[in-house]
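First comes the structure, then the notes that go with it.
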Amino acid sequence: MLAIAPIFYQEQETILHPSMDRSFSVILLFVIAQIFNLLPTNALHPLDPLTPSELNQVQTLVKKSHQNVSFHYVGLDEPDKLEVLSWLSQNRPTNFFHHRVAFAVVRTNSQTHEIKIDLLNNSILSDIVYDGDGYPMLNNEEQKAAGELPLTYPPFIASIAKRGLNLSEVICEVFTLGWWANWDFHLAFDMRVGPIISLASIYDHDMRKYRRVMYRGYISEMFVPYQDLSEEWYFRTFLDAGEFGVGICAVPLQPHTDCPPNAVFLDGYYTTRDGTPAKTSNVFCVFERYAGDIMWRHSETILPGDTVEVRPDVTLVVRMVSTVANYDYIIDWEFKQSGSIKITTSLSGILAVKASAYTHKDQIQEEVYGTIVAENIIGTCHSHFLSFHIDLDIDGDANSLKKAHLQTVRVMNGSSPRKSHWTVVDEVAKTESDAKIRLGLGDQAEIIVVNPNKRTKVGNDIGYRLIQGPWQVPCYGKKIMTKFVVHLVTMMCGLHHITNLRNGQQGPTLTELVEMIP
């Protein structure tokens, strides 16, 4: 079910600040060389996104089987994880995979079909009618058509004229009821979730080999519930990835403004309603970042010469921007020389507002579910919840998730002048329920994914800490045979947006992040 609401926009002046050019480094040239390795070739990486020719192949086969078909999703049907790891372990032999399969979700005759296509044999493997709950992701064409319908509806036109507005001032929107600084990874574009990072490994100079960190990672969903209970707003609870498509809503990045001068750009492809491939130019940019931050330092003042060592925090960033209605999501995957992976989602754009009879805050004597941001305009309060799919493979796929609780220990025997200290108590999660944690309620715990079969030289666990923002809930995987392994970690972080602007001005970019630290 779709709801359509008019949005009134205020023009704002945008000032672009020119950036000074600077020369590429040798490292950046290495990045460019690796970028070309990601481009589709006859010998595709098994996790490469579908090429334009493959998208055309899917369109042809599906249209032969169905008439009046509407395409809602087309992407790679991922090969089995164990197959991919076996292919890597055998030094990436050619002709290893006997199938390259596409997955399509289409609508025809009021039914949703989930179709798998064998691209190598040019045939349909399966065609299943989906009869469960929910509907497929919206495509751009049907949203555009739905948004134009009210502009031809006489009662709606009359209501706009009654308000003293021109129809041209109204827009109707549709609502639903690796390769650098020791890192090696695969980057793919998906029309639903945007950037997908796979097979992320970091080079260990001491061991002289790459060590696996993450098999696959992406933002799986963005949930945005507005807090207005009025009839016109109560239903505005959006699933930005599942309903609108973070990838479909991605916009071309602007050189020197969205990305720095040293950035390298990649394109992305998706399908339109009739299955025709569409291209988003400059959908990703990849660049080296140094903002003057310090990765590590120490001063030893008691030694002769005041010994100081400082290491700059230079990182590699993969960026995409997705404009979902009024919000621009700036998605950064940042790979650090320390081995950390930082996922940052920044929110910008313009507020969704509603009309009001109030012109000043002092006039308001009722719940308006927001803040007056200009005369007769209320900015509605809302939240953004992001869910991350993170499949960690730390030195292999046999990983466990544990919670390291900070526990206070009282000194009762007088053995120390101190009255207490804290210690760490580990709890290995065996089920999803074991892994849940609500932050801010007195549970002082770190979330750590470890490989129980690997130890450091002195016997400590090898793993990654999951650094959490507000309202994050990690979930544990499943039991396989007699050992527990992390199938994936789902982390949710949230940001409550209490609108508070002056004279209708747009506020600064807001940021949410998740970081994995070794």
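The values are calculated or read from the model by the stated rules, or taken from the named source; none is laboratory data. Remember, it's a predicted structure, so these values are computed and weren't measured experimentally. In this analysis, Cβ positions are derived from the backbone assuming ideal geometry, glycine residues included, and neighbour counts consider all displayed protein chains. Note: accessible area is taken over every heavy atom of the protein model, side chains too, but ligands, DNA and RNA are not part of it. Shrake-Rupley method; radii C 1.70, N 1.55, O 1.52, S 1.80 Å.
Of the strands (runs of 3 or more DSSP E) contained entirely in the stretch 264-316, those carrying at least 2 residues that are surrounded by 18 or more Cβ atoms within 10 Å (Cβ to Cβ) and under 26 Å from the mean Cα position of the chain (by Cα) fall at 264-271, 277-289.
Checked against (1) assigned to a strand (DSSP E or B); (2) small (Gly, Ala, Ser); (3) more than 29 Å from the chain's Cα centre (by Cα), Gly379 passes all but condition (3). Scanning the stretch 247-282 for residues that are within 14 Å of Val321 (Cβ to Cβ) and in contact with an Asp or Glu (Cβ under 6 Å, 6 or more places away or on another chain) turns up Gly247, Ser281.
Determine whether the stretch 322-330 contains at least one residue that is under 23 Å from Val174 (Cβ atoms), modelled with pLDDT of 90 or more and polar (S, T, N, Q). Checked the stretch 322-330: at least one residue is under 23 Å from Val174 (Cβ atoms), modelled with pLDDT of 90 or more and polar (S, T, N, Q).
Just checking, does the stretch 86-99 include any residue being modelled with pLDDT of 90 or more, closer than 24 Å to Leu50 by Cα, exposed (fewer than 11 other Cβ atoms within 10 Å of the Cβ) and more than 32 Å from the chain's Cα centre (by Cα)? No, there is no match, as no residue in the stretch 86-99 is modelled with pLDDT of 90 or more, closer than 24 Å to Leu50 by Cα, exposed (fewer than 11 other Cβ atoms within 10 Å of the Cβ) and more than 32 Å from the chain's Cα centre (by Cα).
Conditions: (1) touching a helix residue (DSSP H, G or I) at 6+ places or on another chain (Cβ under 9 Å); (2) over 26 Å from Leu199 (Cβ atoms); (3) open to solvent by 60 Å² or more (accessible area, probe 1.4 Å). Thr371 meets all but one. Number of the miss? Of (1) touching a helix residue (DSSP H, G or I) at 6+ places or on another chain (Cβ under 9 Å); (2) over 26 Å from Leu199 (Cβ atoms); (3) open to solvent by 60 Å² or more (accessible area, probe 1.4 Å), only one is false for Thr371: (3). Filtering the stretch 179-204 to residues that are in a loop (DSSP other than H, G, I, E, B) and over 13 Å from Ile248 (Cβ atoms) leaves Trp179, Trp180, Ala181, Asn182. Considering each residue of the stretch 200-252, count those that are at positive phi and in contact with a helix residue (DSSP H, G or I) (Cβ under 7 Å, 6 or more places away or on another chain), and give that number. Qualifying residue count for the region: 0. Considering Ile517, Ile437, Ile462, Ile467, the condition of being open to solvent by less than 70 Å² (accessible area, probe 1.4 Å), at pLDDT 85 or above and among the aliphatic types (A, V, I, L, M) is satisfied by Ile462 alone.
This table checks each residue for (1) within 26 Å of Ser322 (Cα to Cα); (2) open to solvent by less than 50 Å² (accessible area, probe 1.4 Å); (3) more than 27 Å from the chain's Cα centre (by Cα).
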| residue | (1), (2), (3) |
| --- | --- |
| Ser53 | yes, no, no |
| Val69 | no, yes, yes |
| Val101 | no, yes, no |
| Ser110 | no, no, yes |
| Asn122 | no, no, yes |
| Leu138 | yes, yes, no |
| Glu142 | yes, yes, no |
| Pro155 | no, no, yes |
| Ile160 | no, yes, yes |
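Within the bounds of the stretch 352-359, is there any residue that is assigned to a strand (DSSP E or B), among the basic types (Lys, Arg), at pLDDT below 90 and over 25 Å from the mean Cα position of the chain (by Cα)? Yes: one or more hits. Taken together, the criteria exclude Ala161 from residues that are small (Gly, Ala, Ser) and either in a loop (DSSP other than H, G, I, E, B) or touching a strand residue (DSSP E or B) at 6+ places or on another chain (Cβ under 8 Å) (or both). Taken over the stretch 131-189, residues that are modelled with pLDDT of 85 or more, among the aromatic types (Phe, Trp, Tyr) and closer than 30 Å to Lys209 by Cα amount to 3. Scanning the stretch 253-267 for residues that are touching a helix residue (DSSP H, G or I) at 6+ places or on another chain (Cβ under 9 Å) and closer than 26 Å to Glu141 by Cα returns a single hit, Leu266.
Residues in the stretch 164-184 that are open to solvent by 10 Å² or more (accessible area, probe 1.4 Å) and either within 30 Å of His45 (Cβ to Cβ) or of a type in the set (Lys, Arg) (or both): Ala181, Asn182, Asp184. Checking the stated criteria, Leu229 turns out not to satisfy the condition of being at pLDDT 95 or above and of a type in the set (A, V, I, L, M). Residues of the stretch 382-404 being within 14 Å of Ala352 (Cα to Cα) and either crowded, with 20+ Cβ neighbours inside 10 Å or over 23 Å from the mean Cα position of the chain (by Cα) (or both), which ones? Residues satisfying the conditions are His382, His384.
Number of residues in the stretch 269-307 that are at pLDDT below 90 and of a type in the set (A, V, I, L, M, F, W, C) equals 6.
For the stretch 317-343, a residue qualifies if it is assigned to a strand (DSSP E or B), open to solvent by 20 Å² or more (accessible area, probe 1.4 Å) and polar (S, T, N, Q), and exactly one does: Thr323.
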